[in-house]
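Participant: There's a structure below that I have some questions on.
Just so it is clear, none of the values below were taken in a lab; they were calculated from the coordinates. Fair warning: this is a prediction, and the values are worked out from it, not measured in the lab. Positions of Cβ are generated from backbone atoms using ideal geometry, with glycine treated the same way; all protein chains shown enter the neighbour counts.
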Amino acid sequence: MDQPLSQLPIPLLRWYAENARDLPWRRDPTPYHVWLSEIMLQQTRVQAVLGYYERFLQVCPTAAHLAQLPEERLLKLWQGLGYYSRARSLQKAARILVERYGGQLPADYRALLALPGVGEYTAGAIASIAFGLPCPAVDGNVLRVAARLTGDFTDISTPAMKKKTAEQIREILPVEAPGQFNQALMELGATVCLPNGAPRCGDCPARELCLARRRGQTGLLPVKAPRKPRRVEEREVFRIFYEGRAALRRRPERGLLAGLWEFPNHLSPAPCPVAGRETEQALGRHIFTHVEWHMRARVILAQGPKLPQGWIWAGREALERDCPVPSAFGCFRPLVEKYLKEKKSP
């Protein structure tokens, strides 16, 4: 056992008791609440999640409500949060909970891990926080803290490092408070042992234990292999209007933004498939994990109501209530809403 980690629990838990952020899922850590928050927090900042979390619980206070929710409503609730596959996996898991577990999450790490959308970290977080089970929950924050504390130059993106860190955390988990300890580690990484910029070592309860701090290596750790450059796509986006409605089409059921409604778009260069008068253009950009869209959005006032097969006309109410358009097109929404309000046509 690395000495810095073996001495960590007591000062860390004391620090957490005084410095933990007041978050709704911490105030009421029922299994369903913990699960929902952990899924929403995947690759998403806490501040971005708070409003979505509250609204989601108003519509789906239990797994049974979530299991029965129409998909369009589910995706609308998730609109703007990104990574929409999380929402679909959440609902698939909710249906399994209803069918097999009476609508409740099982108090078992392996059973949690078997649910759609639940990986090792999420299963550990739910098991420890909601059920008090001694399971490590190793996310990027925990890997960063552990690497700096122990002076470990192993690449934190490797399975070997994740496995080693999980085993180290398992050895020091306080059996009376595994959930608090896991949350404290994550909180330390999120608020003090920062991922970008200099860590706030003066505020760290483990500053006297940290080998990276002693050796002046906090700027070198953790080690993480650089990501491959994103693929850039130049796209033409068509905002097509007719009599107070906008043209939408649905994306394929698999792949990027699967199954969501979108303003029709194609790789550049591309002609508009609907006859009409072009009035203006705008530029936009959206970054996904592995691809970056550079978009030229054009406004087309259609000559008539005919649309390609599979496209629909959507008015203001439908666009707001029934047709979730992903945030990739968010920079173009204000103008779309303006045109719909003014009911512009040729």
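Participant: Would you please name the GluC sites (Glu not before Pro) within the range 67-126 that are DSSP coil residues with at most 12 other C-beta atoms within 10 Å of their C-beta?
Facilitator: Working: sites: GLU71, GLU72, GLU99, GLU120; in loops: none.
Nothing satisfies the criteria.
Participant: Out of every Cα-Cα pair in the range 117-203, what percent are more than 16 Å apart?
Facilitator: Working: 1898 of 3741 pairs.
The share of Cα pairs beyond 16 Å in the range 117-203 comes to 51 percent.
Participant: Given a Förster distance of 41 Å, report the FRET efficiency between CYS272 and ARG170 from their Cβ-Cβ distance, rounded to the nearest 0.05. Don't skip to the answer; put the middle values down first.
Facilitator: Numbers: r = 58 Å, r/R0 = 1.42.
Plugging the Cβ-Cβ distance into 1/(1 + (r/R0)^6) gives 0.10.
Participant: Could you give the alpha-carbon Rg of the range 280-325 over 2.2 N^0.38 Å, rounded to two decimals?
Facilitator: Values: Rg = 14.0 Å, N = 46, 2.2 N^0.38 = 9.4 Å.
After normalising by residue count via 2.2 N^0.38 Å, the value is 1.49.
Participant: Next up: Build a GNM of the chain with springs between Cα atoms under 10 Å: which of PHE131, PHE263, PHE288 gets the top mean-square fluctuation?
Facilitator: Ranking PHE131, PHE263, PHE288 by mean-square fluctuation puts PHE288 first.
Participant: Give, to the nearest whole percent, the P(r) tail of the chain beyond 31 angstrom, counting all Cα pairs. Could you put the intermediate results ahead of the total?
Facilitator: Numbers: 27151 of 59685 pairs.
Summing the P(r) of the chain above 31 Å gives 45 percent of all pairs.
Participant: Sticking with this one: Which whole-number percent of Cα pairs in the range 63-212 have a distance greater than 27 Å?
Facilitator: Working: 3814 of 11175 pairs.
When every Cα pair of the range 63-212 is considered, 34 percent fall beyond 27 Å.
Participant: What lysines sit close enough to LYS92 to cross-link, taking a C-alpha to C-alpha distance under 21 Å and skipping anything fewer than 8 places away on the same chain?
Facilitator: LYS76
Participant: Related question: Given a Förster radius of 30 Å and the C-beta distance between GLU253 and CYS201 as r, what FRET efficiency does 1/(1 + (r/R0)^6) yield to the nearest 0.05? Please list the in-between numbers first.
Facilitator: On the way: r = 49 Å, r/R0 = 1.62.
E between GLU253 and CYS201, to the nearest 0.05, is 0.05.
Participant: Would you list which lysines come within 24 Å of LYS306, measuring only between C-alpha atoms, while excluding same-chain residues fewer than 8 positions from it?
Facilitator: By straight Cα distance, LYS306 reaches LYS338, LYS341, LYS343, LYS344.
Participant: Top mean-square fluctuation among ARG250, ARG333, ARG144, Gaussian network model of the chain, C-alpha springs under 10 Å?
Facilitator: It is ARG333.
Participant: Oh, and also: Using a Gaussian network model of the chain whose springs link C-alpha atoms within less than 10 Å, name the residue from CYS210, CYS135, CYS331 with the highest mean-square fluctuation.
Facilitator: CYS331
Participant: Helix 120-131 versus the longest principal axis of the chain: what angle, 0 to 90°, nearest 10, using Cα atoms?
Facilitator: Its long axis makes an angle of about 70 degrees.
Participant: Can you spot the aspartates and glutamates whose alpha carbon is less than 13 Å from LYS224's alpha carbon? Ignore those fewer than 8 places along the same chain.
Facilitator: Straight-line reach from LYS224, under 13 Å: ASP152, ASP155.
Participant: According to a simple spin-label model (label point 7 Å from Cα along Cα-to-Cβ), what is the distance in nm between ARG321 and SER85?
Facilitator: My value for the distance between the label points is 3.2 nm.
Participant: While we're here: Please compute the volume of the convex hull spanned by the alpha-carbon atoms of the range 1-124 and report it per residue in Å³.
Facilitator: Numbers: hull volume 15.7 nm³, N = 124.
Taking only Cα atoms, the range 1-124 has a hull volume of 126 Å³ per residue.
Participant: What are the ³J(HN,Hα) values, in whole Hz, obtained from phi via the Karplus relation 6.51 cos²θ - 1.76 cosθ + 1.60 with θ = phi - 60°, for each residue of the range 191-198 in sequence order, with x given for Gly and Pro?
Facilitator: Taking θ as phi minus 60°, the curve returns 10, 10, 8, 6, x, 10, x, 6 Hz for the range 191-198.
Participant: Sketch the reach of a paramagnetic label on GLN217 as a point 7 Å from Cα along Cα-to-Cβ, and name the residues of the range 137-172 whose backbone nitrogen lies under 15 Å away.
Facilitator: Label zone hits: 144-156.
Participant: Determine, at each q value in 0.13, 0.18 (inverse angstroms), the log₁₀ of I(q)/I(0) that the Debye formula gives when each Cα of the range 226-346 is one equal point scatterer.
Facilitator: Log10 of I(q)/I(0), two decimals: -0.49, -0.94.
Participant: Here is a follow-up. Relative to the longest principal axis of the C-alpha atoms of the chain, give the angle of the C-alpha long axis of helix 31-41, reported between 0 and 90° and rounded to the nearest 10°.
Facilitator: Here the helix axis deviates by roughly 70 degrees.
Participant: What is the gain in length, in nm to one decimal, between CYS331 and THR62 on full extension, counting 0.36 nm per residue of separation less the C-alpha to C-alpha distance? Could you put the intermediate results ahead of the total?
Facilitator: Values: separation 269, 0.36 × 269 = 96.84 nm, distance 3.36 nm.
Roughly 93.5 nm would be gained on extension.
Participant: Let's test this: bin the Cα-Cα distances of the range 96-157 at 10 Å from zero up to the farthest pair and state each bin's percent.
Facilitator: 22, 41, 25, 10, 3
Participant: Now, a different point. Between GLN281 and ALA107, what length comes free when the chain is fully extended (0.36 nm per residue of separation minus the Cα-Cα distance, one decimal in nm)?
Facilitator: On the way: separation 174, 0.36 × 174 = 62.64 nm, distance 5.42 nm.
Extra length from GLN281 to ALA107 when fully extended: 57.2 nm.
Participant: Under a crude label model (7 Å from the Cα following the beta-carbon direction), how far is LYS228 from LEU50 in nanometres?
Facilitator: Placing both labels 7 Å beyond Cα along the Cβ direction yields 3.8 nm.
Participant: Run the helix sum for the chain: -39,500 (n - 2.57) per DSSP H stretch of 4+ residues, divided by residue count, reported at 222 nm to the nearest 500 deg cm²/dmol.
Facilitator: Working: 16 runs with 151 residues, N = 346.
Result for the chain: -12500 deg cm²/dmol, rounded to the nearest 500.
Participant: Something else about it: Any chance you could list the semi-axes, whole Å, largest first, of the equivalent ellipsoid that the Cα gyration tensor gives for the range 256-309, using √(5λ)? Intermediate values should be presented prior to the final figure.
Facilitator: On the way: eigenvalues 108, 45, 16 Å².
Largest first, the range 256-309 gives 23, 15, 9 Å.
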